[in-house]
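Worksheet for the structure shown next.
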Amino acid sequence: MDPLKRVPVREQEPEVRAHNFEEVCYGYNMEEAVEEAQRCLGCKNPKCRTGCPVSIDIPGFIENVKKGNIEEAYKVISLYSALPAVCGRVCPQESQCEKYCIRGIKGEAVSIGKLERFVADWARENGIKPTVDVPKKNKKVAVIGSGPSGLTCAGDLAKMGYDVTIFEALHEAGGVLVYGIPEFRLPKEKVVAAEIENVKALGVKIETNVIIGKSITIDQLFDDGFEAVFIGSGAGLPRFMGIKGETANGVFSANEYLTRSNLMKAFDEDYDTPIVSAKKVAVVGGGNVAMDAARTALRSGAEVHIVYRRSEEELPARAEEVHHAKQEGIIFDLLTNPVEILSDENDNVTGIKCVRMELGEPDASGRRSPVVIEGSEFVIELDTVIMALGTSPNPLISSTTKGLEINRRKCIVANEESGQTSREGVFAGGDAVTGAATVILAMGAGKAAAKGIDNYLSEK
Amino acid sequence: MFKIVRKEVLSDKIILMDVVAPFVAKSCYPGQFVIVKIDEKGERIPLTICDYDREKETITIVFQTVGVSTERMAKLEVGDAFRDFVGPLGVESELVHESEEVLKSQKILFVAGGVGTAPVYPQVKWMKEHGCDVDCIIGARDKSLIILEEEMKKYAKNVFVCTDNGSYGFKGNVNDMIKELVYNQGYKYDKVIAIGPVIMMKFVCLLTKELGIPTIVSMNPIMVDGTGMCGACRVIVGGEVKFACVDGPEFDGHLVDFDGAMKRQRLYKTEEGRAMLKLEEGDTHKNGGCGCGGDK
Ligand SMILES: Cc1cc2nc3c(=O)[nH]c(=O)nc-3n(C[C@H](O)[C@H](O)[C@H](O)COP(=O)(O)OP(=O)(O)OC[C@H]3O[C@@H](n4cnc5c(N)ncnc54)[C@H](O)[C@@H]3O)c2cc1C
Ligand code: FES
């Protein structure tokens, strides 16, 4: 093997997977994992760790993989992450750990994400669970939301001996991991449900169907004996463009489209929830959410276009997702921006009017900002438009919790190190604080808040 | 699991159930709704709360069998349970927040259409419990679809029943009834609260606009999560996009775009109809019924 190249990972053939919802990537087997692990130089001063938002001891776990000692490797990762099988699949490794890998200077970075995934999958398949063995503290903490931030915060607090209850608004725990990210990228039963079981095995209770701010307020939680509260309610409120025709039939938010498919399993004949059977779809946006919506529509039999106003370089999605989407036959209409949605007399979508863009001067985000090319208007005929333009936190909690400070973007204001909000005993983290971001950042915030809560309750 | 402790068949296709749901029963108010899901494979179905008992921790729901999911729900019996029952969702009725003085100073007419009588009921009850007399019209196509008349009479000063075909009460639709009361019988109202099919609410609003009576309606668009996450429930009110599940479901009826709302409701008609056919007649309709492979 060429040490400059990574061990390739087995995947479902593009032509086959474009028609099913099974996982695209098969991951490494033991032999492949050990071989890939050999490529790790075991740096004394590992740069990869600085790229990881939860500072996993990467050379430490890879060292164990080299020796085929997977159980030990799992224990090392578990010290830092409660959801390794998830992170190995959905983290943007190319801009985090793998970006700093020394191997990456001359050749390809070590496949850290795929190794993490292998270790976590192996542990699950071999029935290895994280354990807690600490005296109970007899102090109740409430966690709002069961996404990555809530699960991580709850898991860490349980490991410290706290009595933790998670309250989740939906009927299923997992947050974006169950309602947003599709089955073919993150298997729900096999991976997500299993990781949630691990959190429960630590003693965490999960109450689904409870909406904080509606079913019960934060103040009532304190009255009920909870001594601290963590808000990990995510950023679920979808944004629309505000262009003409956007309320027509056949225009969906990516959240609606993905929720119908993932959470409600509309793609499965056995489930009752309907989903439109689109023939030709435009997905507006260029992030992970856009890729997921596009690839879901493709699997349901549609011709799918990604409409994105900047160029390929600026696509915010994970590189692997863009690559997979292209392989599967998604058409990328880049430097293109919708200006109007066209519909017939029954308000059903018939097309989308777009303009072409070119890149101008860099804007505040450092990316070159797109500028409209005069007179470049054109129409794409289609029947479905999916808006994947980002989301913001919903107001259910902030509007019912006195003294909880939020910023202009409706995000909860919280201290980065401790998660402390403007209300005593109330902590927050994840997308609810940062706006839509990533799984690993949400986990990092949940972790920090668990420490913050422990400090607060220890001093109280 | 959320247990069913009472079931009554109110009419051919309308069913009432009391369900034990402590969180909801403790904190709900008139005007709010719940989302129920029968089992793992069911849809999330939004239903307005018809009554609640804080002590027994029960919520009363009333639904009409219109699609595959409500058809399945109708088969549940006392002792069975819903897998999921979440709420209260949406904003409570405005009248919950008004002082008794303000409430007493106005004369309110409730207009209930068909199964919409259920969500009107807790509001009428609330008014009576706060010392206010209100009137209520209950309208439906046919006598068999008039529900909760006796219950309503306990709390409303006057209950006027009307049916389109004249099989019971006044002959005519709710609009004819309103006109009869206002033009011929000298009733005066300061506010109308109308809940029923979208088309009914639309026409009531056209009339009350003419009459200059402020009107509140309760919208029931397609929903998925009910927490403001998906935007399926969007309605246009006063030219602005609102999410019925978090901003509503009650809105100023004179500002709602009813035509748009009706078009949106048709969106899943075909899909839902298909699911229904499948339930009744098995898998034969999967390919559009004739085996031609759909609408080619
Ligand atoms: C389609 C899609 C694809 C994505 N792909 C990736 C990817 O590949 N890689 C990556 O790193 N990130 C990805 N992300 C982003 C990532 O999923 C989020 O950043 C992350 O899930 C945020 O975690 P969280 O815990 O803050 O919130 P969430 O995961 O959003 O969880 C919040 C939970 O709180 C619940 N909740 C909300 N309000 C209340 C309330 N009032 N009471 C009770 N419960 C409440 C919600 O129902 C939800 O379950 C993706 C996001 C989407 C939508
Ligand atoms: S039902 Fe999803 S936003 Fe209202």
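The values are calculated or read from the model by the stated rules, or taken from the named source; none is laboratory data. Only a predicted model underlies this, so the values are computations on that prediction, with no experimental measurement involved. All Cβ positions, even for glycine, are placed from backbone atoms using ideal geometry, and neighbour counts span all protein chains on display. Only protein heavy atoms, including side chains, enter the accessible area calculation; ligands, DNA and RNA are left aside. Shrake-Rupley method; radii C 1.70, N 1.55, O 1.52, S 1.80 Å.
From the list A:SER398, A:SER418, exactly one residue is in the same structural domain as A:PHE230 (by TED's automatic domain parsing), more than 15 Å from ligand 1 (Cβ to nearest atom) and open to solvent by less than 60 Å² (accessible area, probe 1.4 Å). Which is it?
A:SER418
Quick check on my filter: what residues within segment A:172-196 are in a loop (DSSP other than H, G, I, E, B) and away from ligand 2 (no atom under 16 Å from the Cβ)? Full working, then the answer.
Going residue by residue through segment A:172-196, those that are in a loop (DSSP other than H, G, I, E, B) are A:172-175, A:180-187.
Passing the criteria: A:ALA173, A:GLY174, A:ILE181, A:PRO182, A:GLU183, A:PHE184, A:ARG185, A:LEU186, A:PRO187.
Inspect segment A:223-231 for any residue being near ligand 1 (Cβ under 10 Å from one of its atoms), surrounded by 24 or more Cβ atoms within 10 Å (Cβ to Cβ) and β-branched (Val, Ile, Thr) and give the result as yes or no.
Scanning segment A:223-231 turns up at least one residue that is near ligand 1 (Cβ under 10 Å from one of its atoms), surrounded by 24 or more Cβ atoms within 10 Å (Cβ to Cβ) and β-branched (Val, Ile, Thr).
Could you tell me whether segment A:197-206 includes any residue that is more than 28 Å from A:CYS25 (Cα to Cα) and within 16 Å of ligand 2 (Cβ to nearest atom)?
No, segment A:197-206 contains no residue that is more than 28 Å from A:CYS25 (Cα to Cα) and within 16 Å of ligand 2 (Cβ to nearest atom).
For segment B:213-236, indicate whether the set of residues that are surrounded by fewer than 20 Cβ atoms within 10 Å (Cβ to Cβ), without any contact (Cβ under 8 Å) to a residue 24 or more places away in the chain and either among the hydrophobic types (A, V, I, L, M, F, W, C) or away from ligand 2 (no atom under 16 Å from the Cβ) (or both) is non-empty.
Checked segment B:213-236: no residue is surrounded by fewer than 20 Cβ atoms within 10 Å (Cβ to Cβ), without any contact (Cβ under 8 Å) to a residue 24 or more places away in the chain and either among the hydrophobic types (A, V, I, L, M, F, W, C) or away from ligand 2 (no atom under 16 Å from the Cβ) (or both).
Condition check ((1) charged (D, E, K, R); (2) surrounded by fewer than 17 Cβ atoms within 10 Å (Cβ to Cβ)) across all residues:
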site	(1), (2)
A:ALA388	no, no
A:ASN394	no, no
A:LYS402	yes, yes
A:ASN407	no, yes
A:VAL426	no, no
A:VAL433	no, no
A:ALA448	no, no
A:LEU457	no, no
A:LYS460	yes, yes
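Where residues in segment A:174-184 are within 7 Å of ligand 1 (Cβ to nearest atom) and more than 14 Å from chain B (Cβ to nearest Cβ), which of them is surrounded by the fewest Cβ atoms within 10 Å (Cβ to Cβ)?
A:ILE181
Being under 24 Å from A:TYR80 (Cα atoms) and either out of contact with any Gly (no Cβ under 7 Å at 6 or more places or on another chain) or in contact (Cβ under 8 Å) with a residue 24 or more places away in the chain (or both), is that true of even one residue in segment A:6-27?
Looking only at segment A:6-27, we keep the residues that are under 24 Å from A:TYR80 (Cα atoms), and these are A:27.
Okay, now just the ones that are also either out of contact with any Gly (no Cβ under 7 Å at 6 or more places or on another chain) or in contact (Cβ under 8 Å) with a residue 24 or more places away in the chain (or both), so A:27.
Yes, that holds for at least one residue.
Being surrounded by fewer than 17 Cβ atoms within 10 Å (Cβ to Cβ) and not assigned by TED's automatic domain parsing to the domain that holds A:GLY175 narrows it down to one residue among A:ASP292, A:ASP270; which is it?
A:ASP270 is the lone residue from the list that is surrounded by fewer than 17 Cβ atoms within 10 Å (Cβ to Cβ) and not assigned by TED's automatic domain parsing to the domain that holds A:GLY175.
Which of the strands (runs of 3 or more DSSP E) found entirely inside segment B:188-249 contain at least 1 residues meeting this: away from every other protein chain (no Cβ under 14 Å)?
Where strands (runs of 3 or more DSSP E) fall fully within segment B:188-249 and carry at least 1 residues being away from every other protein chain (no Cβ under 14 Å), they are B:191-195, B:215-218.
Quick one: which strands (runs of 3 or more DSSP E) lie wholly within segment A:248-353 and hold at least 1 residues that are under 20 Å from the mean Cα position of the chain (by Cα) and within 13 Å of ligand 1 (Cβ to nearest atom)?
The strands (runs of 3 or more DSSP E) meeting that bar are A:251-253, A:280-284.
All but one of (1) at the interface with another protein chain (Cβ under 9 Å from one of its Cβ atoms); (2) surrounded by fewer than 19 Cβ atoms within 10 Å (Cβ to Cβ) hold for A:LYS279; which doesn't?
(1)
Give segment B:197-206 a look and list any residue that's open to solvent by 10 Å² or more (accessible area, probe 1.4 Å) and out of contact with any Phe, Trp or Tyr (no Cβ under 6 Å at 6 or more places or on another chain), or say none.
Residues satisfying the conditions are B:PRO197, B:ILE199, B:MET200, B:PHE203, B:LEU206.
Out of curiosity, is B:VAL91 under 30 Å from A:MET264 (Cβ atoms), among the β-branched types (Val, Ile, Thr) and open to solvent by 10 Å² or more (accessible area, probe 1.4 Å)?
Considered against the rule, which asks whether it is under 30 Å from A:MET264 (Cβ atoms), among the β-branched types (Val, Ile, Thr) and open to solvent by 10 Å² or more (accessible area, probe 1.4 Å), B:VAL91 comes out as yes.
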